Amino acid sequence: MKKSFLSFAVLMMGAALFTACSNDDDAPELKKVDVSNGMFVVGSGNKKANIDGNLSYIDYQAGEVTANAFQKANGKSLGKTANYIVDYGSKLYVVDAENTVWVCDKSTLTVQKQISTTALLGDKDGVSPRAAVGENGNLYVTFYGDSNNGGNGIVAAIDTVNFAKQATYTVGSYPDGLTIANGCIYVANSDYGNNVNPSISKIDLGSGKVEEIKDEVITNPMQILTIGSDVYYLDYGTYDPNNNWFQTGAGVRKITASGEVTKVVDGTAMCTDGKNVYTVNAPYGATETTYLIYNAATGATTSWNPEGIQSSSDCSRPCD
């Protein structure tokens, strides 16, 4: 898969959650504790290698990790292609590309509902769910849909009480990450890294109108987030298949409320604290990894050198 760097997803949150020592995956028992800061880590698994995905929790205050928390709470596998996790309301939603969205109680991680997306949306629209965001009592989920057949993907609105389909929106080719800003949903349409029809879709939640944003710097958009009224997306750039899949042009682009698109900082992974964009820049084929901070208020970029980072070249390797 040309455009996929994804090896895990993380979710920062503060709530009543499970935590335990985790040196031995079979030994710890889950304990319910109140924490103010923590992180869920979703391992994507590997379907070809028959490796299950997993959900772990890191408790910052206690300095402890609960590994394989989903399996411990439910006695079953999360699936082999877990892509994304969303904290919304009292629930935790895990998106599995095997046409499933797991709905879990946020305090216990026990499954409240296993949504079959093909049963809900049909065999055409409901295939390959990728990412999600919660807003207005709905979970908005991106789906490849008909992209595999040269068509478009969709975003589906799913009610978070009855888990019924509320609406669907036709977006671009191979949609992935999405975010909400200015009353709209912005969707990163990756085009599967083909660089033929990449775009950003803008869905007006009031009118339902969908607008396509295209620009020469939009080549392979994947992740997307909001700071203030501006949207930032991570573009994986392009690969040279004749040069060991050498990757160029990866970085974070900014989309203003007026639709102007500009590249602001290099990177192959990104996150935000609501004020800054933090990036790891490790393009495939490069020999060096750098870490950068982009200040959204000033537009200034600085470097930083985190300690104790362990990584593998496979984390940024294009998958077949």
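Sparse packing (at most 13 other Cβ atoms within 10 Å of the Cβ) combined with a DSSP loop state is found for the following trypsin sites (Lys or Arg not before Pro) in the stretch 201-303: K209, K214, K275. Each of A62 and D230 was given a label point 7 Å from its Cα along the Cα-to-Cβ line. The distance between the two points is 4.0 nm.
Just the number, please: carbon plus sulfur as a percent of the accessible area of the chain, 1.4 Å probe, no ligands or DNA/RNA counted.
Taking all protein chains in place, the chain shows 45 percent carbon and sulfur surface.
With all protein chains kept in place, the per residue accessible area of the stretch 139-245 amounts to 38 square angstrom at a probe of 1.4 angstrom.
In terms of distances greater than 23 angstrom between alpha carbons, the cross-link table entries K214/K263; K113/K275; K76/K124; K80/K275 yield K113/K275; K76/K124; K80/K275.
Extension gain for E307 to E211 (0.36 nm times residue separation, less C-alpha to C-alpha distance): 30.3 nm.
Put a plus charge on the Cβ of each Lys and Arg, a minus charge on the Cβ of each Asp and Glu, and nothing anywhere else: the dipole of the chain about its Cα centre is then about 400 debye. A Förster radius of 45 Å combined with the Cβ-Cβ distance from Q166 to W245 puts the calculated FRET efficiency at roughly 0.65.
For the stretch 214-259, the relative contact order works out to 33 percent when only alpha carbon pairs closer than 8 Å and six or more residues apart are counted. Across the stretch 263-280, coupling constants 3J(HN,Hα) worked out from phi with the 6.51/-1.76/1.60 Karplus curve, θ = phi - 60°, read 7, 10, 7, 6, x, 10, 8, 8, 7, 9, 9, x, 10, 10, 9, 9, 10, 10 Hz, and Gly and Pro carry x.
Under 8 Å for C-alpha pairs, at least 6 residues apart: give me the relative contact order for the stretch 115-213, rounded to a whole percent.
Numbers: 246 pairs, mean separation 17.9, N = 99.
Relative contact order comes out at 18 percent.
The reciprocal of the average 1/r between distinct C-alpha atoms defines the Kirkwood hydrodynamic radius, which for the stretch 192-320 equals 15.6 Å. Within the chain, the longest run free of GluC sites (Glu not before Pro) that sit in a DSSP loop with at most 10 other Cβ atoms within 10 Å is 30-215. Ellipticity at 222 nm from helices only: DSSP H runs of n ≥ 4 in the chain, each -39500 (n - 2.57), divided by the residue count, give -500 deg cm²/dmol. Say a paramagnetic label sat at a point 7 Å from the Cα of D146, along Cα to Cβ; which residues of the stretch 203-240 have their backbone N under 17 Å from it? So the set is 210. The candidate values were (1) 32.3; (2) 16.3; (3) 22.9; the one computed from these coordinates for mean projected area of the Cα convex hull in nm² carries the label (2). At R0 = 25 Å, how high is the FRET efficiency between T298 and S258 if r is their beta carbon distance? Nearest 0.05 is fine. Working from the Cβ atoms, E equals 0.80.
The values are calculated or read from the model by the stated rules, or taken from the named source; none is laboratory data. This structure is a prediction, so every number in the text was calculated from the model and none was measured. Heads up, the Cβs are rebuilt from the backbone with ideal geometry, glycines too, and the neighbour counts pull from every protein chain shown. Remember, those area values only see protein heavy atoms, side chains included, never the ligands or the DNA or RNA. Shrake-Rupley method; radii C 1.70, N 1.55, O 1.52, S 1.80 Å.
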